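Worksheet: one structure, shown below.
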There are 2 protein chains.
Amino acid sequence: MEERKFETLLGFIEQKQYHQLRAALADMNEVDVAQFIEEELPEEKQPVVFRMLPKEMAADVFSELSGEVQENLVMASTDKELSFIVEDLYVDDAVDMLEELPANVVKRVLKNATPATRSLINQFLQYPENSAGSVMTAEFTDLRKDMTVADAIDHIRRTGEDRETVYTCYVLGERRVLEGVVSVKDLLLNSDDRRIADIMDDDVISVVTTDDREEAARLFSKYNLLSLPVVDKEKRLVGIVTVDDAVDVMEEEATEDFEKMAAMHPSERPYLKTGVFTLAKNRIGWLLVLMISAMITGGILEGFEAAIATMPLLVSFIPMLTDTGGNAGSQSATMVIRGMALGEISTSDLLRILWKEVRVALLVGVALAGVNYIRLILTYPGQEMVALTVSISVLLTVILAKAVGGVLPILAKICHFDPAIMASPLITTIVDAFALVIYFNIAKALIAF
Amino acid sequence: MEERKFETLLGFIEQKQYHQLRAALADMNEVDVAQFIEEELPEEKQPVVFRMLPKEMAADVFSELSGEVQENLVMASTDKELSFIVEDLYVDDAVDMLEELPANVVKRVLKNATPATRSLINQFLQYPENSAGSVMTAEFTDLRKDMTVADAIDHIRRTGEDRETVYTCYVLGERRVLEGVVSVKDLLLNSDDRRIADIMDDDVISVVTTDDREEAARLFSKYNLLSLPVVDKEKRLVGIVTVDDAVDVMEEEATEDFEKMAAMHPSERPYLKTGVFTLAKNRIGWLLVLMISAMITGGILEGFEAAIATMPLLVSFIPMLTDTGGNAGSQSATMVIRGMALGEISTSDLLRILWKEVRVALLVGVALAGVNYIRLILTYPGQEMVALTVSISVLLTVILAKAVGGVLPILAKICHFDPAIMASPLITTIVDAFALVIYFNIAKALIAF
């Protein structure tokens, strides 16, 4: 559907039918317009088409564009156009833009902002990365306790144009301290003369500017919020996080966890827009670390060279043993890491998880060992001791793998490391080493070389 | 904070201060009350405390409880109480509840519903699992084109009580066909006498009841929606998905992908609430499949027994080679699978991704092979051919792994399999087998046995 729409737009441009183009753009969703400018237009055409957008649309489209295209548009703007964009952007979008732009362009943008906007932007730029402060915006609706419902609705009608969300209003007391919350639904469902103090909820769920943005996103999902107030250490309201930004945070954090668990440095941008060198750089670090750790595993094998030379058959069970251990461990690690990310598991659950994983490992391990034993007895008749060695090793490896997989992410969290980084690849390497030591020692004990 | 609150509540129960308990509960957030009932109370106390909740709170608390606790409450309810709960629940929550309850309890619940509610619930129960229809609710605000802004606000004030969200209103034409959308913000910011037809947006983003719920969730994140209309094949509005439910879908789908990529059958419930047997059942299937495939890899090694017996040193590089291949492959697979889940990558990008992965693999592979070569030359002086064998094998394995890892998830999607299931463990097994064949054949060619 969008593609057909885009073709029509490109047709207008080709035939220089700018009037039709302008009308078609004005009728589209801002997100689609941004996609059109970004993906369908060559760099030199982007500013031309952007200038055709209706004024009330420009800032919304701008905030949906990537850093490169924003930079391209800023470079092509006059000072007056630039000032218009900056003033019309929500503060959080302006801050996102400035964080991506080169320093000289940032300077030019700030020069064209009003002093009030400039000071607000500067304040927002200082919140630490990944904090609630770094994803909040300043455009919220604030009410006073002594207002009536009619006053409040009137206030929203007068000031709502600039507000990112009008649906949750925050009631502020002296020195802008957050005292209560009231939704527009509450306002509409109460009679005009009721006082805000009587209908507001004074049990406000909020975060502090320095809290983790992930913690803020979790509150959205737990309490089904549309927006979340962000206060400073003195409980004064400084901003709000809106649900669309919370959704972005959730998706970004999940993507980061996927990447870390697959032994990659998280990427800043979508796969198709990331260059080959950046992708390689993000991947090489952990591959090197894990390769070197696997060499240690290899070193363990060297210690058993004599056993291998006498009985090369033992080697053929190594992939099965290490793969099973790795898979069993990363199953446990994945459940625990995801559970912690969703706030379902806390570090105090350590022993509970260890106990659970050991029991699961016993069930799973006995089944896998049994299948192995039967298969080996059938394919290598007369080699009962080999079958026993392999089966016992599988059982012990699975128990070890699940215990390590369940516990290591929690220990990482306790030591303030990122649990996701401790995940599958590292666990696989640890389990590999121990599995081989177990295997060859059992072999030495059970089989006469 | 919550824990202290819960302690106070438990104190009230112990000292039979039911008046204080009731007042404290009424003042709490519904989500916290549900958590208190679920996690702090023994089964027999749950119905007692639930009955103390103010009427307007009961249904909201009920919808936040787990299936078991809901069943417990339903069993303890009189018919009158039950009818009250069913009528007060939003349809989507009622359907969620019924899908978890045993058949005889479902019967009793439906018997106590009004005919209108019963027929609505029955209709909703029929939407396929994981469809947009299965997560929508029926309580939306609908307007007519010929209403004025004042009419519309008045309509919301009269009917809003039952509506899950009042902030996005849908404008319906003849036979309830969806013709436009108008937000409460638009209503408040326009003058009372304007007609809805003039301020509504007729370019409505919507899904069909049978569309995938993941597709619906993607639209929320792309267009920053608060609710999404769901229409039938004749474009008639039948329900809406609200953003809080979309957030749940996103988290569930991400969790499912994490589990599938770690070779597990997705679990229905949080880790700590899942029993040991269910966990073992979810994990054993793939472990068995992968163990058997790893046996095939082992079979390949048996073919090289002679080589191994002559030169056991070769064995000690196997873990490094297969681990590196597995890690390189799952890096690529993870990026592609996540990209597809977020809608950033489509099946038509197959060749683009293959070309990108091969180039990344060349960069990464040459670096890893180089490190290996230098390390082997230093630790095994005079064994240049072993060093060369291992290094070339690493390079070829990384290229193969990244090509397979990038392409396999897309091929899975084209064949209508779940890409996440094709992920790391299966790719690891495939790459393992090929890596060993490459390795020993190069060894045979370069090293005289």
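Overview of results
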quantity: Per residue solvent-accessible surface (Å²) - the protein assembly as shown, probe of 1.4 Å; calculated: 43 Å²
quantity: GluC sites (Glu not before Pro) lying in DSSP loop within the stretch A:114-174, provided at most 10 other Cβ fall within 10 Å; calculated: A:E129
quantity: Kirkwood hydrodynamic radius over Cα pairs of the stretch B:38-101, then Stokes diffusion coefficient at 25 °C and 0.890 mPa s, in µm²/s; calculated: 209 µm²/s
quantity: Long-range HN-HN contacts of A:A262 with modeled amide H, under 5 Å; calculated: none
quantity: Chain B: Rg to Rh, with Rh as the Kirkwood radius over Cα pairs; calculated: 1.12
quantity: Ellipsoid equivalent to the stretch A:205-348 - semi-axes via the Cα gyration tensor, in Å; calculated: 45, 19, 13
quantity: Equivalent ellipsoid semi-axes, the stretch B:297-425, via Cα gyration tensor eigenvalues times 5, rooted, Å; calculated: 33, 17, 10
quantity: Helix B:30-40 vs. chain B, principal-axis angle (Cα, 0 to 90°, nearest 10); calculated: 60 degrees
quantity: Descending principal axes extents, the stretch B:71-131, alpha-carbon based, whole Å; calculated: 33, 22, 17
quantity: Given charges at beta-carbon only (K, R positive; D, E negative), |dipole| of chain A in Debye; calculated: 1640 debye
quantity: Exercise: per-residue mean of other protein chain Cβ atoms within 10 Å, A:271-278; calculated: 5
quantity: Cα→Cβ-extended label distance, 7 Å offset, between B:V177 and B:T347, nm; calculated: 3.2 nm
quantity: Per-bin percent of Cα-Cα distances, the stretch B:142-245 [10 Å]; calculated: 15, 48, 31, 6, 0
quantity: Modelled FRET efficiency - R0 41 Å, B:E3 with B:K235, Cβ distances, 0.05 increments; calculated: 0.25
quantity: FRET efficiency estimate (nearest 0.05) - Cβ-Cβ, A:M311 to B:L378, R0 30 angstrom; calculated: 0.45
quantity: C-alpha center-to-center spacing [the stretch B:175-210, the stretch B:18-90] in angstrom; calculated: 37 Å
quantity: Proximal lysines to B:K107, defined as alpha-carbon separation beneath 29 angstrom and excluding residues fewer than eight positions away on the same chain; calculated: B:K45, B:K55, B:K80, B:K273
quantity: D_trans [Stokes-Einstein, Kirkwood Rh over alpha-carbon pairs] for the stretch A:87-163, 20 °C, 1.002 mPa s, µm² s⁻¹; calculated: 151 µm²/s
quantity: Rounded to whole Hz, the Karplus (6.51, -1.76, 1.60) HN-Hα couplings of the stretch A:379-396, x for glycine and proline; calculated: 8, 10, x, x, 9, 4, 5, 5, 4, 5, 4, 4, 5, 4, 5, 4, 4, 5
quantity: Under-5 Å amide H pairs with A:T141, H placed in peptide plane, nonlocal only; calculated: A:Y170
quantity: Principal axis dimensions, the stretch B:198-282 - Cα atoms, whole angstrom, descending; calculated: 59, 25, 21
quantity: Under 5 Å, built H, 5+ apart or other chain: amide partners of B:G239; calculated: B:V230
quantity: Top positive-direction residue, dipole computed over chain B with Cβ charges, set B:H19, B:L120, B:V48; calculated: B:L120
quantity: Fraction of accessible area attributable to carbon and sulfur, the stretch B:95-150 (%, probe 1.4 Å); calculated: 51 percent
quantity: Extension gain, B:D248 back to B:M75 (0.36 nm per residue minus Cα-Cα distance, nm); calculated: 59.5 nm
quantity: The stretch B:1-80, Rg to Rh (Cα coordinates; Rh as Kirkwood inverse mean 1/r); calculated: 0.93
quantity: Partner chain coverage, peptide A:221-232 - average Cβ within 10 angstrom; calculated: 3
quantity: Fraction of accessible area attributable to carbon and sulfur, the stretch A:349-388 (%, probe 1.4 Å); calculated: 76 percent
quantity: Size of the protein assembly as shown as Cα extents on the principal axes (Å, biggest first); calculated: 94, 74, 55
quantity: Degrees separating the helix B:79-88 axis from the principal Cα axis of chain B, which is the longest one; calculated: 70 degrees
quantity: Apportionment of accessible area to carbon and sulfur, the stretch B:154-211, percent (1.4 Å); calculated: 37 percent
quantity: Relative contact order computed over the stretch B:253-321 (Cα-Cα under 8 Å; 6+ residues apart), in percent; calculated: 22 percent
quantity: For the stretch B:278-365, average projected area of the Cα convex hull in nm²; calculated: 8.8 nm²
quantity: Full-stretch length increase - A:D162, A:D212 - with 0.36 nm per residue and alpha-carbon distance subtracted; calculated: 15.3 nm
quantity: Estimated buried accessible area (total), pair B and A, 1.4 Å, Å² to nearest 100; calculated: 10300 Å²
quantity: Computed magnitude of the charge dipole of the protein assembly as shown (debye, nearest 20; Cβ of K, R +1, Cβ of D, E -1); calculated: 2860 debye
quantity: Sites B:K273 and A:K16 - FRET efficiency at Förster radius 60 Å, r taken between beta-carbons, to 0.05; calculated: 0.40
quantity: Nearest 10 degrees, 0 to 90: helix B:424-446 Cα axis against chain B principal axis; calculated: 10 degrees
quantity: Inter-centroid distance (Cα atoms) of the stretch B:326-387 relative to the stretch A:267-344, Å; calculated: 14 Å
quantity: Alpha-carbon radius of gyration plus Dmax, which is the widest Cα pair, for the stretch A:1-141 in Å; calculated: 15.9, 49
quantity: Binned Cα-Cα distance frequencies in the stretch A:357-449 - 5 Å width, integer %; calculated: 2, 14, 18, 19, 17, 11, 8, 5, 3, 1, 0
quantity: Residue-averaged [θ]222 nm for the protein assembly as shown, counting only DSSP H segments that reach four residues, each worth -39500 (n - 2.57); calculated: -21000 deg cm²/dmol
quantity: Occluded residues from the stretch B:154-198, i.e. those whose accessible area drops by 50 Å² or more once the chain is not alone (1.4 Å probe); calculated: B:R157, B:Y167, B:K185, B:L188, B:L189
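The values are calculated or read from the model by the stated rules, or taken from the named source; none is laboratory data. For clarity, every value in this text was computed on a predicted model and none was experimentally measured. Note that we place each Cβ from the backbone using ideal geometry, even for glycine, and neighbour counts take in every protein chain shown. When the accessible area is computed, the model is the full protein with side chains, heavy atoms only, and any ligands, DNA or RNA have been set aside. Shrake-Rupley method; radii C 1.70, N 1.55, O 1.52, S 1.80 Å.
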